[in-house]
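**Q** The following block contains the structure, expressed as C-alpha cells.
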Amino acid sequence: MHLFRTGYRSRDVISLYYGGEIIASNRINQAIEDALETDKERKFVETVEIAVNLRDVDLQNPQKRISAEVSLPHGRGRPARVGVFAQGEMAVISKKVVDTVISPEQIEELSEISSVDIRGVQEKELEIAVDLYKMEASMISFTDIENAVKFENMSVTGGDILENGVRKTVRVTGEFADPLGVKDLIVKQEKGNIVYLRDIAEVSFKEQEKESFAREYMQPVVMLDVKKRGGQNLLKASAKIDKIISTAQKSIFPKSLIISKTNDQSNETRTMVSDLENSIILGIILVVTVLYFFLGFRNALFVGIAIPLSMFLSFTVLGFMGVTLNTMVLFSLVIALGMLVDNGIVVVENVYRLMDEGYPRIQAAKLGVGEVAMPIIASTATTLAAFFPLILWEGIMGEFMRWLPITLIIVLGSSLFVALVINPMLISVYMKVMPKQDSKVTFITKLENLYERFLSYALKGKKPIGIVTGTFGLLFLAVLLMFTFPPKILFFPNTDAKQVFVYVEYPIGTDIEETNTTSMKIEKEIETYLKKYEVNGENFLITSVIGQVGEGTADPSRGQEGGKTPNKARITIDFVKFQDREGVSSETVLKEIRELLQGYPGVSIVVDKPSDGPPTGPPINIEVKGDDYELILETANALRAFINTSNVAGIEELKLDIDQGKPEMIVTVDRQKAR
C-alpha cells in the first residue's frame, strides 16, 4: 500500500519535521503532546505542521488543550524541514509526531501477518557536524566527542538505600530530555577553559542516509510491504487491513491523502473461489438438464445433489486435516467437479431400471446399489491409484503439487460415499418412475441403434482380435511419434501475466542516488509508453506503476535478498483483470517494454513476469568447479560473454550467482615513514 505525503499549512506557528522528534525545552512541549494525543492512538501522519497561536496558550497550565488548525496545501510534494516561529517569542520544537502514516505495529499485531517492511522513508538521526579546524585548535579528538555524548546520555544504578524500613533502588538518570541539549555538552575542560560541543560542531536532526526509494506514477510514496503468515487466511488478513485503513481514513487521515493497494493477492483468491462457486452451480444445472431427458427432473436431482454434498463433505475433511484453501486445492476442486457425478449416475440409473421393472423403491434401492457397489468402488479405486504416486513427489515441487492428488482423492472418496450412502436413502423415499410413452424415433434412439450395429459388427468372428491388436498398434505409434517429434514442455502453462517486472541492476558499489536517477528515467519512459492505453484520461489496462530502489527489489518468486541493495531497482506494472483488458495481452506489453528499454550502457535491465508455482530457480544452471577461485571467476565470466555473443534465443537474465565485490581503494602504509 502506498501513501502520498502532503504537509499541513498553519497560520501563526509552523512546525514541520519529516519524522523528527519534537521535545520542547519548556512547558509548551506537554501542551502540544496533549493536543496531539487522540485516545492514545498514534497519529498517522509522518509529516505534520502544527498551527499554534502562542498568545492564546496558557503555558502555566500544560493540561489546557491546544487547538491545532491544519489545512492541506494544493498539490503533492515532498515536505521540507521548516523552523518554528512564533509571534513575540521563539520556540524550538522538534517532535516526532509519528513513525509512519500507518503504524506497522498495528498491522503486525494481526495474527495473519508475518512482517511489515517500510519502503521509501528513513528514520531521523541526530547529526553532529564537527568543524575540523576548531576541533584541532581545541586539541579535541573524535574519541573525546564520542565519549562525551556516550557517557552523558545514560542512566547509572547507584545501589540500594534503606529508608523507613523500605529498601529502594537508587538510579541516576542521565538521558537527554531534549536531544538538541547535546549542544551544551562539555567536551573538554582544562585550566578553567570550557569547550562546549556547540563551539566546535553543529547539532541538527537529519534524515538517515537513503536506503530505499518508492514511487507510484513517479510520485514519492511511503510503501508498506505486508507479508502473510504461512497457513493463515489471506481473505481475513486483507479484510482486517482494510478495516485499519478505513478507520484511519475516518478519524485521522486528511481527505486529500491518497491510499492505494497494489498486488493484493486476496483479489485473485476471491476470483478463484467465485469461479469454483460458479462451476458448482453450472455443473448442477448441466447434470440435471441432461439427465432430465432420460430420468425426469425429480430423479435427475438425485445426481445433481451429489455435487454440493460431495463438496461439503470434502471441505469438512480438508478442514479436519488442517488444509488451507490455497491455489492448488481450488484448482483440484475444479478438476474434480467433472468426476463427482459418475458414481451417482450409475447408482441412480440402475435403481431406476429396477423400479421400471416393477420392484418397490426400497427393494430396488437395495438391489440396485448392491449390484453396482463393487464396480463403482473398483472404478473409483483405479482413478485414485493413478493420482496416489504424485503424493510421493519429493522436493519443493512435491510440496507444492502434492495437494492436487490429496484433494482429488478426498473429493472422489466423498463422491463415492454420497453415491453409496446418501443417494440410496433419497432414492428409497422420493424416486418415481416416468410413465412409458409410445416408442418414437428420436435422436437418442438413433444413437442407440447405431451403437448396437457397431457392437454387432465388432464382435463377429475374429474382428475383436483385430480391434485389440490395432489398439495396441496405435499406442506404440503414438509413443514413437512423441519421441520422433517431441512436443514443447512447460512445467506451467504460459499465461497472461497479472504483473510485469522491470529489474534494473548496476554493478556493485553503485550509489543509490545513481540507481534512483536511472530508475526514474526508465519509469518515465514506461509511463509515456503506457499512455497509448488511455481512454478519456483513464488507463483501461494498467492499475499502477510502482518504482522501488534499494531494499525490497528482489524477485518476489525467489524471496527477499539479505542486506542492502543500493545498486538495484524494480519497477512493477500491475494490470487489470483479464476480462477487463479489452483484448490486449500483457505478453504484448512485456515484449514492447523489453524492446523499449534499450540503450542503457553499464546497467542490466531485465523485463520479466512472475513465475507460476513455487520458486524453482533458473531453468538451466551451468556450474564451474575448481580449486583456483580466480581462475573459476575468469572462466565463468568468459563463459557468460560467449553465451551472450552467441545470441541464443530465449535467454534472459544471464548472470553469475556470486557478487564479485564492490570496488576497493587500497591504502598501503609505509611503516618506516609512518613511525
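**Q** Give the residues of segment 642-665 that are of a type in the set (A, V, I, L, M) and at pLDDT 85 or above, sorted by residue number. Step through it out loud before you land on a result.
**A** From segment 642-665, those of a type in the set (A, V, I, L, M) are 643, 648-649, 651, 654, 656, 658, 665; that's our starting set.
I643 - this is the single residue of segment 642-665 that is of a type in the set (A, V, I, L, M) and at pLDDT 85 or above.
**Q** Just to confirm my filter: which helices (runs of 4 or more DSSP H) fall fully inside segment 371-435 and include at least 1 residues that are open to solvent by 20 Å² or more (accessible area, probe 1.4 Å) and more than 30 Å from N326 (Cα to Cα)? Step through it out loud before you land on a result.
**A** Numbers: elements: 395-401, 403-417, 423-430.
Filter on segment 371-435 gives 423-430.
**Q** Give segment 521-552 a look and list any residue that's of a type in the set (G, A, S) and free of Cβ contacts under 8 Å to residues at least 24 places away in the same chain, or say none. Can you show your working first?
**A** Of the residues in segment 521-552, the ones of a type in the set (G, A, S) are 537, 544, 547, 550, 552.
The answer is G537, and nothing else.
**Q** Return the pairs, sorted by first residue and then second, in which the second residue is among the small types (G, A, S), the first residue lies in segment 393-413 and is under 23 Å from T382 (Cβ atoms), the beta carbons are less than 6 Å apart, and the residues are 6+ apart or on different chains.
**A** Close Cβ pairs (under 6 Å, with a partner that is among the small types (G, A, S)) amount to L404/S332; T407/S332; L408/S332; L408/A336; I410/S314; V411/S314; V411/A336.
**Q** Could you count how many residues in segment 336-366 are of a type in the set (A, V, I, L, M, F, W, C) and open to solvent by 70 Å² or more (accessible area, probe 1.4 Å)? Before you say what the answer is, go through the steps one by one.
**A** If we filter segment 336-366 for residues that are of a type in the set (A, V, I, L, M, F, W, C), which is where we start, we get 336-337, 339-341, 345-348, 351, 354-355, 362, 364-365.
Going one step further and asking which of them are open to solvent by 70 Å² or more (accessible area, probe 1.4 Å), we end up with 362.
Summing the residues that are of a type in the set (A, V, I, L, M, F, W, C) and open to solvent by 70 Å² or more (accessible area, probe 1.4 Å) in segment 336-366 gives 1.
**Q** Hey, can you tell me all the residues within segment 314-357 that are among the charged types (D, E, K, R) and under 26 Å from M272 (Cβ atoms)?
**A** Within segment 314-357, the subset among the charged types (D, E, K, R) is 342, 349, 353, 356-357.
Result: D342, single match.
**Q** Right, here's the next one. Which of (1) under 30 Å from M139 (Cβ atoms); (2) at pLDDT 85 or above; (3) of a type outside the set (K, R); (4) assigned to a strand (DSSP E or B) is the odd one out, the single condition S204 does not satisfy?
**A** Every listed condition holds for S204 apart from (2).
**Q** While we're looking at this one, here's another question. Tell me yes or no: at least one residue of segment 375-382 is touching a residue at least 40 places away in the same chain (Cβ under 8 Å), closer than 30 Å to P435 by Cβ and over 34 Å from the mean Cα position of the chain (by Cα).
**A** Looking for residues that are touching a residue at least 40 places away in the same chain (Cβ under 8 Å), closer than 30 Å to P435 by Cβ and over 34 Å from the mean Cα position of the chain (by Cα), one finds at least one in segment 375-382, hence yes.
**Q** Okay, next question. Which condition number does K460 fail, the rest of (1) touching a residue at least 40 places away in the same chain (Cβ under 8 Å); (2) not in a helix (DSSP H, G or I) being met?
**A** Result: K460 fails condition (1) only.
**Q** Name the single residue, out of those in segment 119-146 being touching an Asp or Glu at 6+ places or on another chain (Cβ under 8 Å) and among the β-branched types (V, I, T), that is most open to solvent (accessible area, probe 1.4 Å).
**A** For segment 119-146, the residue satisfying everything is I128.
**Q** Looking at segment 151-190 only, could you name the residues that are open to solvent by less than 50 Å² (accessible area, probe 1.4 Å) and in a loop (DSSP other than H, G, I, E, B)?
**A** Passing the criteria: S155, G174, D178, L185.
**Q** Can you go through T382, T407 and tell me which one is among the β-branched types (V, I, T) and more than 20 Å from V334 (Cβ to Cβ)? Give the derivation first.
**A** Details: T407 fails: more than 20 Å from V334 (Cβ to Cβ).
Testing whether each residue is among the β-branched types (V, I, T) and more than 20 Å from V334 (Cβ to Cβ) leaves just T382.
**Q** While we're on this one: Name every residue in segment 255-288 that is over 30 Å from L340 (Cα atoms) and surrounded by fewer than 14 Cβ atoms within 10 Å (Cβ to Cβ), in order of residue number. Walk me through it before giving the result.
**A** In the first step, residues of segment 255-288 are kept if they are over 30 Å from L340 (Cα atoms); the result is 255-264.
Once the filter is applied, which keeps residues that are over 30 Å from L340 (Cα atoms) and surrounded by fewer than 14 Cβ atoms within 10 Å (Cβ to Cβ), segment 255-288 yields K255, S256.
**Q** Inside segment 495-600, counting only strands (runs of 3 or more DSSP E) that do not spill past its ends, which hold 3 or more residues that are in contact with a strand residue (DSSP E or B) (Cβ under 6 Å, 6 or more places away or on another chain) and charged (D, E, K, R)?
**A** Values: elements: 499-505, 542-550, 568-575.
Hits in segment 495-600: 568-575.
**Q** May I ask you to list pairs of residues, at least six apart or on different chains, whose Cβ atoms are under 8 Å apart, with the first in segment 212-241 being farther than 30 Å from N516 by Cβ and the second being among the charged types (D, E, K, R) and open to solvent by 60 Å² or more (accessible area, probe 1.4 Å)?
**A** Pairs found: L234/K228; L235/R270; A237/K228.
**Q** For segment 112-128, give me each residue that is outside any strand (DSSP E or B) and at pLDDT below 80. Even if it seems obvious, please write down each step before you answer.
**A** In the first step, residues of segment 112-128 are kept if they are outside any strand (DSSP E or B); the result is 112, 120-123.
Selection gives G120, V121, Q122, E123.
**Q** If you go through segment 311-329 one residue at a time, do you hit one that is in contact (Cβ under 8 Å) with a residue 40 or more places away in the chain, touching a Phe, Trp or Tyr at 6+ places or on another chain (Cβ under 9 Å), open to solvent by 70 Å² or more (accessible area, probe 1.4 Å) and among the aliphatic types (A, V, I, L, M)?
**A** Checking segment 311-329: at least one residue is in contact (Cβ under 8 Å) with a residue 40 or more places away in the chain, touching a Phe, Trp or Tyr at 6+ places or on another chain (Cβ under 9 Å), open to solvent by 70 Å² or more (accessible area, probe 1.4 Å) and among the aliphatic types (A, V, I, L, M).
Residue-by-condition table, conditions (1) assigned to a helix (DSSP H, G or I); (2) modelled with pLDDT under 85:
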residue	(1), (2)
I194	no, no
A214	no, no
M223	no, yes
F253	no, yes
S266	yes, yes
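**Q** Take the residues in segment 474-520 that are among the aromatic types (F, W, Y) and more than 30 Å from Q579 (Cα to Cα), then tell me which one is surrounded by the most Cβ atoms within 10 Å (Cβ to Cβ). Give the derivation first.
**A** First, pick out the residues of segment 474-520 that are among the aromatic types (F, W, Y): 476, 483, 485, 491-492, 501, 503, 506.
Within this subset, residues satisfying the condition of being more than 30 Å from Q579 (Cα to Cα) are 476, 483, 485, 506.
Working: F476: 9, F483: 7, F485: 7, Y506: 20.
Looking at residues that are among the aromatic types (F, W, Y) and more than 30 Å from Q579 (Cα to Cα), I get Y506.
**Q** Additional query: For the subset of segment 453-473 comprising residues that are open to solvent by 100 Å² or more (accessible area, probe 1.4 Å) and within 58 Å of the chain's Cα centre (by Cα), which member is modelled with the lowest pLDDT? Spell out how you get there, then give the answer.
**A** Start the filter on segment 453-473 by keeping residues that are open to solvent by 100 Å² or more (accessible area, probe 1.4 Å), which leaves 453-454, 457, 459-460, 462, 465, 472.
With the extra rule that they be within 58 Å of the chain's Cα centre (by Cα), the set shrinks to 454, 472.
Details: F454: 89, F472: 94.
Top of the filtered list is F454.
**Q** What number of residues within segment 321-355 satisfy the criterion of being hydrophobic (A, V, I, L, M, F, W, C), outside any helix (DSSP H, G or I) and within 19 Å of L235 (Cβ to Cβ)?
**A** Filtering segment 321-355 for residues hydrophobic (A, V, I, L, M, F, W, C) gives 321, 323, 325, 328-331, 333-337, 339-341, 345-348, 351, 354-355.
Still in the running and outside any helix (DSSP H, G or I): 321, 323, 325, 339-340.
Next cut, within 19 Å of L235 (Cβ to Cβ) only: 323, 325.
So the count comes out to 2.
The values are calculated or read from the model by the stated rules, or taken from the named source; none is laboratory data. In this text, all values refer to a predicted model and were calculated from it rather than measured experimentally. When we count neighbours, we look across all protein chains shown, and the Cβ atoms used for this are built from the backbone with ideal geometry, even at glycine. Ligands, DNA and RNA are excluded from the accessible area calculation, which covers all protein heavy atoms including side chains. Shrake-Rupley method; radii C 1.70, N 1.55, O 1.52, S 1.80 Å.
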